[in-house]
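Below is one structure, written out as structure tokens; comments come after it.
The values are calculated or read from the model by the stated rules, or taken from the named source; none is laboratory data. Model, not experiment: these values are computed from the prediction. Note that each Cβ is placed from the backbone with ideal geometry, even for glycine, and that neighbours are counted across all protein chains shown.
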Amino acid sequence: MTSMIKRSEGHYEVRKTSYGEAYVWCPECVEVECDCGERPVLSASETVCICGREHEALLRRVLTARRAPHPWDVEYREWRKNQDEYLISEETYWLELSSLD
């Protein structure tokens, strides 16, 4: 019987490049022990062991559909909160624009 050994959450890794930083998505994955003795690391897109056995049912039960937050989400929410102070309605915009004439 196939059993789960280790599970890894999906996450972003920051990798340094010559032009700055790149955020690379590392999908959620599961290390399983197959009946053939192999220990493949499988994900939602890779569900077959090297021996050909399909482990999709096990992966579907184990893996979640949650999305990991982007590293910049908190910074964006803070910026967006501050921007709301400066936004004006379209009606106010047109009134101000018409007063310029």
Item checked: Answer residue from the range 27-60, given it is assigned to a loop (DSSP other than H, G, I, E, B) and polar (S, T, N, Q) and is surrounded by the fewest Cβ atoms within 10 Å (Cβ to Cβ) among those -> 45
Check: With 24, 48, 32 as the choices, which residue is in contact with a Phe, Trp or Tyr (Cβ under 8 Å, 6 or more places away or on another chain) and modelled with pLDDT of 85 or more?
Finding: 24
Margin query: With assigned to a strand (DSSP E or B), without any contact (Cβ under 8 Å) to a residue 40 or more places away in the chain and β-branched (Val, Ile, Thr) as the only criterion, which of 14, 24, 74 stands out?
Written below: 24
Item checked: Meets criteria (aromatic (Phe, Trp, Tyr) and modelled with pLDDT of 85 or more) for residue 86 -> no
